Amino acid sequence: MQSAVSGYAGGSAETARYEIVSSGRTGHAESVEVTFDPAQVSYAQLLEVFFAVAHDPTQLNRQGPDVGTQYRSAIFYAGEAQKAAAEAAIAASGRRIVTQVVPLSAFYPAEAYHQDYLAHHPEQRYIVVNDLPKLAALQRSFPSLYR
């Protein structure tokens, strides 16, 4: 992976601010824009991580303690190949996946204080309880991808 940017997708530029997105009425989903080198990690591998450790794709409008449509499970694809790969991963999972697979119309980076949040707040209770276990699962389940 070359970069990961926290932000919002699925809504308009006018409402792409945390204090508005958090209302759940903007159409946005809190999202991450991932830029990657396919020679280092494939899109299929990213999907595997997404479905296995990044979040729970069986929960509708919820991720951990966060509830609302802005926390829905969604893949905003950039091209038909990504769409087909996401749909194939869902079909092959054998689980009741609620992840939406929708075209990416625009991505809006979140405010600066949301970027690299874990690195800046490693001892915050939310991070310790919800995010550090995911990071440990990533390292344990996908050691070759962990950096």
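The values are calculated or read from the model by the stated rules, or taken from the named source; none is laboratory data. What you see is a predicted model, and the numbers here were worked out from it, not measured in a lab. Here the Cβ is made from the backbone with ideal geometry for all residues, glycine too, and neighbour counts use every protein chain on show.
Here Lys134 clears all of (1) charged (D, E, K, R); (2) more than 18 Å from Leu47 (Cα to Cα); (3) surrounded by 12 or more Cβ atoms within 10 Å (Cβ to Cβ) except the condition numbered (2). Within the range 76-89, the set of residues being of a type in the set (A, V, I, L, M, F, W, C), surrounded by fewer than 17 Cβ atoms within 10 Å (Cβ to Cβ) and more than 29 Å from Ile20 (Cα to Cα) comprises Ala81, Ala84, Ala88. Taking (1) closer than 24 Å to Leu132 by Cα; (2) free of Cβ contacts under 8 Å to residues at least 60 places away in the same chain; (3) touching a Ser or Thr at 6+ places or on another chain (Cβ under 8 Å) in turn, Val53 satisfies each apart from (2). Do we find that Ala39 is closer than 22 Å to Ser141 by Cα, surrounded by fewer than 18 Cβ atoms within 10 Å (Cβ to Cβ) and either in contact with a Leu (Cβ under 8 Å, 6 or more places away or on another chain) or free of Cβ contacts under 8 Å to residues at least 40 places away in the same chain (or both) in this structure? Against the criterion (closer than 22 Å to Ser141 by Cα, surrounded by fewer than 18 Cβ atoms within 10 Å (Cβ to Cβ) and either in contact with a Leu (Cβ under 8 Å, 6 or more places away or on another chain) or free of Cβ contacts under 8 Å to residues at least 40 places away in the same chain (or both)), Ala39 qualifies. When Gln63 is tested against the conditions (1) of a type in the set (S, T, N, Q); (2) under 24 Å from Pro133 (Cα atoms); (3) exposed (fewer than 15 other Cβ atoms within 10 Å of the Cβ), the lone failure is (3).
Pairs meeting the criteria (first residue in the range 115-134 and closer than 24 Å to Arg17 by Cα, second residue surrounded by 13 or more Cβ atoms within 10 Å (Cβ to Cβ) and among the acidic types (Asp, Glu), beta carbons under 7 Å, at least 6 apart or on different chains) are Leu118/Asp131.
Mind listing whichever residues of the range 22-58 are within 22 Å of Ala119 (Cβ to Cβ) and in contact with a strand residue (DSSP E or B) (Cβ under 6 Å, 6 or more places away or on another chain)? If the condition is that a residue be within 22 Å of Ala119 (Cβ to Cβ) and in contact with a strand residue (DSSP E or B) (Cβ under 6 Å, 6 or more places away or on another chain), then Ser31, Val32, Glu33, Val34, Thr35, His55 are the ones that fit.
Looking at this structure, is Leu145 surrounded by 12 or more Cβ atoms within 10 Å (Cβ to Cβ), in a loop (DSSP other than H, G, I, E, B) and either within 14 Å of the chain's Cα centre (by Cα) or touching a residue at least 12 places away in the same chain (Cβ under 8 Å) (or both)? Taking the combined requirement at face value, the residue satisfies it.
Being under 14 Å from the mean Cα position of the chain (by Cα) and not basic (Lys, Arg) narrows it down to one of Ala4, Ala85, Ala78, so name that one. The conditions single out Ala4. Out of Ser73, Ser23, one residue alone is at pLDDT 95 or above and crowded, with 19+ Cβ neighbours inside 10 Å. It is Ser73.
Residue-wise test of (1) of a type outside the set (Lys, Arg); (2) more than 30 Å from Glu14 (Cα to Cα).
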{"residue": "Glu48", "(1), (2)": "yes, yes"}
{"residue": "Ala54", "(1), (2)": "yes, no"}
{"residue": "Gly64", "(1), (2)": "yes, no"}
{"residue": "Tyr77", "(1), (2)": "yes, no"}
{"residue": "Arg95", "(1), (2)": "no, yes"}
{"residue": "Leu104", "(1), (2)": "yes, no"}
